Amino acid sequence: MAKTKSRTGALMKGLFAILFGVLLVAQVGCGKKEEAAVHSRDAGKLALTVMDVHDQTHDLRQHLGKVVIIDFWDTWCGPCKREIPHFVELYDEYRDDGLEIVGVAFGRHGKDKVRAFGEQYKINYTNAIFNEEAGAMFGRPRSIPTTFIIDRNGQIAEKVTGFRPKEYFETRIRALLEAS
């Protein structure tokens, strides 16, 4: 019986080591993909086209010269639901000063659900659906919300993962608006 327990323990340790190794290799691979995506984003200067929930096409290059918030989210995400009202307020307060916000929903439950969510939350900025082009430019965020703050030159000033209060974004927006 003792030999069986020690063999089982040794087998479990071996399997754990293999699993850990596989996860480590997968993590390194994801990091390299993300680095490549960052490089293509910087070269692209907002060269991204998205389709909003009303089937209108938006070319983000039209926002060069503005501070742009690109927020990756979805309707089922609790932190996203807490953050979106802050973006609605920030857009009201700073759009005339040169702020643009683009919400990019993954739309796991469909475009109609994203559209209804936008109406319920009174989203006043571009509310788009994630596409392959967005994935190529920004990668596929590992968690949401993931928000990119883009400066007036089209360069990523900051990538923010997870919920942040309104004041966090307001401080960064004001600094970038005043920098020009």
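In plain terms, the chain from Ile156 to Thr49 could stretch by 36.8 nm, reckoned as 0.36 nm per residue minus the Cα-Cα distance.
Legend: ranking of residues Ile69, Ile149, Ile156, Ile101 from fewest to most surrounding C-beta atoms inside 10 Å; resulting order Ile156, Ile149, Ile69, Ile101.
Full-extension gain between Asp97 and Tyr168, please, as 0.36 nm times their residue separation minus the C-alpha to C-alpha distance. Don't skip to the answer; put the middle values down first.
Working: separation 71, 0.36 × 71 = 25.56 nm, distance 1.80 nm.
My answer for the length gained is 23.8 nm.
The ellipsoid that matches the Cα gyration tensor of the range 116-180 has semi-axes, each √(5λ) in whole angstrom, of 21, 17, 13, with the longest given first.
Its Cα centre serving as origin, the range 45-178 has a Cβ charge dipole (Lys and Arg +1, Asp and Glu -1) of approximately 440 debye.
Residue separation of Asn124 and Arg82 scaled by 0.36 nm, minus their Cα-Cα distance, works out to 13.6 nm of gained length. With q set to 0.11, 0.15, 0.16 Å⁻¹, the log10 of I(q)/I(0) for the range 45-178, from the Debye formula over equal scatterers at the Cα positions, is -0.33, -0.64, -0.74.
Rule-based calculations on the coordinates, nothing more; no lab input. A quick note: this is a predicted structure, and the numbers were derived from the prediction, not measured. Every residue, glycine as well, gets a Cβ built from its backbone with ideal geometry; the counts of neighbours run over all protein chains shown.
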